[in-house]
Amino acid sequence: MSVAPGERVSVTLAVNGAAYTLDVEARWLLSDVLRHSLGLTGTHVGCEHGVCGCCTVLVDGSPARSCLMLAVQAEGREVQTVESLARADGELHPLQHAFRRHHGLQCGFCTPGFLLAALPIYREAEQLTDAELREALSGQLCRCTGYAGIVAAVRAAAGIEREQSAAQ
(Lines give C-alpha, C1' and ligand atoms only; values in the text may rest on other atoms or scores of the structure.)
Protein backbone atom coordinates (compact mmCIF):
# COMPACT_ATOMS: atom_id res chain seq x y z
CA MET A 1 0.00 0.00 0.00
CA SER A 2 1.48 3.28 -1.10
CA VAL A 3 0.44 6.41 0.77
CA ALA A 4 1.26 9.94 -0.37
CA PRO A 5 2.74 12.35 2.20
CA GLY A 6 -0.04 13.93 4.25
CA GLU A 7 -2.60 11.41 3.02
CA ARG A 8 -4.95 10.20 5.73
CA VAL A 9 -5.88 6.58 6.30
CA SER A 10 -8.56 5.01 8.45
CA VAL A 11 -7.39 3.01 11.46
CA THR A 12 -9.61 0.91 13.70
CA LEU A 13 -8.25 -0.11 17.08
CA ALA A 14 -9.44 -0.81 20.60
CA VAL A 15 -8.06 1.43 23.33
CA ASN A 16 -8.79 0.54 26.94
CA GLY A 17 -11.67 -1.63 25.80
CA ALA A 18 -13.36 0.96 23.57
CA ALA A 19 -13.35 0.70 19.78
CA TYR A 20 -12.17 3.69 17.76
CA THR A 21 -12.01 4.37 14.04
CA LEU A 22 -9.76 7.32 13.33
CA ASP A 23 -8.52 9.09 10.23
CA VAL A 24 -4.80 9.55 10.74
CA GLU A 25 -1.83 10.51 8.65
CA ALA A 26 0.19 7.40 7.88
CA ARG A 27 3.24 8.97 9.55
CA TRP A 28 1.52 9.65 12.91
CA LEU A 29 2.88 7.83 15.92
CA LEU A 30 0.65 5.84 18.24
CA SER A 31 1.75 8.06 21.16
CA ASP A 32 0.56 11.16 19.30
CA VAL A 33 -2.79 9.60 18.40
CA LEU A 34 -3.33 8.49 22.01
CA ARG A 35 -2.44 11.89 23.42
CA HIS A 36 -3.78 14.30 20.81
CA SER A 37 -6.61 12.47 19.05
CA LEU A 38 -7.99 10.51 22.02
CA GLY A 39 -6.93 12.83 24.87
CA LEU A 40 -5.19 10.04 26.81
CA THR A 41 -2.33 12.12 28.16
CA GLY A 42 -1.14 9.52 30.68
CA THR A 43 1.11 8.14 27.96
CA HIS A 44 4.16 10.36 28.28
CA VAL A 45 6.68 11.10 25.56
CA GLY A 46 10.19 11.56 26.86
CA CYS A 47 13.07 10.82 24.53
CA GLU A 48 11.09 10.11 21.33
CA HIS A 49 13.69 7.45 20.48
CA GLY A 50 12.32 4.45 22.41
CA VAL A 51 15.05 4.60 25.04
CA CYS A 52 13.34 5.95 28.17
CA GLY A 53 10.16 3.85 28.23
CA CYS A 54 7.87 6.71 29.33
CA CYS A 55 5.60 6.05 26.36
CA THR A 56 5.13 2.34 27.13
CA VAL A 57 1.65 0.98 26.52
CA LEU A 58 0.41 -2.58 26.16
CA VAL A 59 -0.39 -3.74 22.64
CA ASP A 60 -2.22 -7.05 22.65
CA GLY A 61 -1.00 -7.50 26.23
CA SER A 62 2.71 -6.90 25.62
CA PRO A 63 4.68 -3.73 26.42
CA ALA A 64 5.38 -1.57 23.37
CA ARG A 65 6.98 1.82 22.84
CA SER A 66 4.21 4.01 21.47
CA CYS A 67 6.73 6.62 20.31
CA LEU A 68 8.24 4.07 17.91
CA MET A 69 4.99 2.54 16.67
CA LEU A 70 2.99 4.10 13.89
CA ALA A 71 -0.72 4.39 14.61
CA VAL A 72 -1.44 2.39 11.45
CA GLN A 73 0.52 -0.51 12.96
CA ALA A 74 -2.12 -0.67 15.71
CA GLU A 75 -4.84 -1.49 13.17
CA GLY A 76 -7.10 -4.18 14.65
CA ARG A 77 -5.11 -4.41 17.89
CA GLU A 78 -5.92 -3.88 21.56
CA VAL A 79 -4.04 -1.00 23.17
CA GLN A 80 -4.02 -0.45 26.91
CA THR A 81 -2.87 2.80 28.50
CA VAL A 82 -2.33 3.81 32.11
CA GLU A 83 -5.82 5.36 32.17
CA SER A 84 -7.25 1.83 32.16
CA LEU A 85 -5.68 0.80 35.47
CA ALA A 86 -7.91 2.54 38.02
CA ARG A 87 -11.51 1.34 38.27
CA ALA A 88 -14.39 3.53 37.14
CA ASP A 89 -15.12 4.39 40.79
CA GLY A 90 -11.58 5.76 41.17
CA GLU A 91 -10.17 2.82 43.13
CA LEU A 92 -6.52 2.46 42.20
CA HIS A 93 -5.04 -0.69 40.70
CA PRO A 94 -2.84 -2.69 43.11
CA LEU A 95 0.25 -1.56 41.18
CA GLN A 96 -0.74 2.08 41.69
CA HIS A 97 -1.32 1.45 45.42
CA ALA A 98 2.05 -0.30 45.66
CA PHE A 99 3.91 2.53 43.91
CA ARG A 100 2.39 4.96 46.41
CA ARG A 101 3.09 2.76 49.46
CA HIS A 102 6.66 1.90 48.50
CA HIS A 103 7.72 5.32 47.19
CA GLY A 104 8.06 4.00 43.64
CA LEU A 105 7.51 7.44 42.17
CA GLN A 106 8.94 10.87 42.57
CA CYS A 107 8.10 13.32 39.80
CA GLY A 108 5.80 10.73 38.18
CA PHE A 109 6.83 11.30 34.58
CA CYS A 110 8.11 7.75 34.10
CA THR A 111 5.44 6.13 36.29
CA PRO A 112 2.87 5.33 33.56
CA GLY A 113 5.53 3.49 31.56
CA PHE A 114 6.71 1.55 34.62
CA LEU A 115 3.13 0.62 35.54
CA LEU A 116 2.39 -0.70 32.05
CA ALA A 117 5.71 -2.54 31.82
CA ALA A 118 5.01 -4.16 35.21
CA LEU A 119 1.38 -5.06 34.52
CA PRO A 120 2.06 -8.35 32.68
CA ILE A 121 4.53 -9.56 35.35
CA TYR A 122 3.55 -8.16 38.75
CA ARG A 123 1.65 -11.25 39.92
CA GLU A 124 4.82 -13.34 39.53
CA ALA A 125 7.16 -10.65 40.90
CA GLU A 126 7.24 -12.11 44.42
CA GLN A 127 8.95 -15.21 43.02
CA LEU A 128 11.46 -13.28 40.90
CA THR A 129 14.91 -12.44 42.15
CA ASP A 130 15.85 -8.78 42.29
CA ALA A 131 18.06 -9.32 39.24
CA GLU A 132 15.18 -10.93 37.29
CA LEU A 133 12.77 -8.19 38.26
CA ARG A 134 15.25 -5.46 37.36
CA GLU A 135 15.84 -7.19 34.01
CA ALA A 136 12.08 -7.29 33.36
CA LEU A 137 11.88 -3.53 34.01
CA SER A 138 15.21 -2.66 32.38
CA GLY A 139 13.59 -0.89 29.42
CA GLN A 140 12.26 1.84 31.71
CA LEU A 141 14.34 4.79 32.89
CA CYS A 142 13.72 6.89 35.98
CA ARG A 143 15.81 9.93 36.73
CA CYS A 144 14.48 10.42 40.28
CA THR A 145 14.01 7.30 42.40
CA GLY A 146 17.01 5.02 42.11
CA TYR A 147 14.72 2.02 41.38
CA ALA A 148 14.65 0.48 44.90
CA GLY A 149 11.11 1.74 45.55
CA ILE A 150 9.98 0.71 42.08
CA VAL A 151 11.27 -2.85 42.49
CA ALA A 152 9.70 -3.05 45.96
CA ALA A 153 6.41 -1.74 44.61
CA VAL A 154 6.20 -4.22 41.74
CA ARG A 155 7.10 -7.04 44.11
CA ALA A 156 4.42 -5.93 46.63
CA ALA A 157 1.57 -5.33 44.16
CA ALA A 158 0.31 -8.93 44.12
CA GLY A 159 0.16 -8.88 47.92
CA ILE A 160 -1.89 -5.69 47.81
CA GLU A 161 -4.20 -7.34 45.28
CA ARG A 162 -4.67 -10.27 47.70
CA GLU A 163 -5.40 -7.80 50.57
CA GLN A 164 -8.05 -6.04 48.46
CA SER A 165 -9.66 -9.34 47.44
CA ALA A 166 -9.80 -10.53 51.06
CA ALA A 167 -11.42 -7.25 52.16
CA GLN A 168 -14.26 -7.62 49.65
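Residues that are touching a strand residue (DSSP E or B) at 6+ places or on another chain (Cβ under 9 Å) and outside the structural domain of Asn16 (by TED's automatic domain parsing), at least 1 per element: which helices (runs of 4 or more DSSP H) completely within region 40-141 meet that?
Numbers: elements: 94-101, 111-118, 130-136.
So the answer is 111-118.
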So how many residues does region 81-108 have that are more than 17 Å from Val151 (Cα to Cα) and either surrounded by fewer than 21 Cβ atoms within 10 Å (Cβ to Cβ) or of a type in the set (D, E, K, R) (or both)? 10
Quick check: anything in region 68-75 farther than 23 Å from Ser10 by Cα and either touching a residue at least 12 places away in the same chain (Cβ under 8 Å) or touching a Gly at 6+ places or on another chain (Cβ under 6 Å) (or both)? no
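Test Ala71 against the stated conditions and say whether it is more than 19 Å from Gln140 (Cα to Cα), surrounded by 20 or more Cβ atoms within 10 Å (Cβ to Cβ) and at pLDDT 95 or above.
It is true that Ala71 is more than 19 Å from Gln140 (Cα to Cα), surrounded by 20 or more Cβ atoms within 10 Å (Cβ to Cβ) and at pLDDT 95 or above.
If I ask for residues that are more than 18 Å from Thr41 (Cα to Cα) and at pLDDT below 95, which ones from region 106-120 would you list? Talk me through it step by step, then tell me what you get.
If we filter region 106-120 for residues that are more than 18 Å from Thr41 (Cα to Cα), which is where we start, we get 106, 118-120.
The one that is more than 18 Å from Thr41 (Cα to Cα) and at pLDDT below 95: Gln106.
Consider Arg77 carefully, then state whether it is surrounded by fewer than 19 Cβ atoms within 10 Å (Cβ to Cβ), among the basic types (Lys, Arg) and either touching a Lys or Arg at 6+ places or on another chain (Cβ under 6 Å) or modelled with pLDDT of 95 or more (or both).
Numbers: surrounded by fewer than 19 Cβ atoms within 10 Å (Cβ to Cβ): yes; among the basic types (Lys, Arg): yes; either touching a Lys or Arg at 6+ places or on another chain (Cβ under 6 Å) or modelled with pLDDT of 95 or more (or both): yes.
Criteria met by Arg77.
Please determine, by comparing only the residues of region 32-67 that are touching a Lys or Arg at 6+ places or on another chain (Cβ under 8 Å) and touching a residue at least 12 places away in the same chain (Cβ under 8 Å), which one is surrounded by the fewest Cβ atoms within 10 Å (Cβ to Cβ). Don't jump to the end; show me each part of the working.
Going residue by residue through region 32-67, those that are touching a Lys or Arg at 6+ places or on another chain (Cβ under 8 Å) are 41, 43, 45, 50, 53, 55-56, 59-60.
If we keep only those that are touching a residue at least 12 places away in the same chain (Cβ under 8 Å) as well, we get 43, 45, 50, 53, 55-56, 59-60.
Details: Thr43: 25, Val45: 16, Gly50: 16, Gly53: 24, Cys55: 28, Thr56: 29, Val59: 19, Asp60: 12.
Checked region 32-67; the qualifying residue surrounded by the fewest Cβ atoms within 10 Å (Cβ to Cβ) is Asp60.
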Let me confirm something: among Gly42, Gly61, Gly46, Gly53, which residue is over 18 Å from Phe109 (Cβ atoms) and of a type outside the set (Phe, Trp, Tyr)? Gly61
Within region 150-160, residues more than 9 Å from Tyr122 (Cα to Cα) and over 18 Å from the mean Cα position of the chain (by Cα) come out as Ala152, Gly159, Ile160
Here are the criteria: (1) closer than 17 Å to Leu68 by Cα; (2) among the charged types (D, E, K, R); (3) outside any loop (DSSP other than H, G, I, E, B). Tell me which single one Asp23 does not satisfy. (1)
Subset of region 121-153, residues under 27 Å from Leu40 (Cβ atoms) and either in contact with a Lys or Arg (Cβ under 6 Å, 6 or more places away or on another chain) or of a type in the set (S, T, N, Q) (or both), comes to Ala125, Ser138, Gln140, Thr145
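The values are calculated or read from the model by the stated rules, or taken from the named source; none is laboratory data. Values in this document were obtained by computation on a predicted structure and should not be read as measured data. Glycine also receives a Cβ, built like all others from the backbone with ideal geometry; neighbour counts cover every protein chain displayed.
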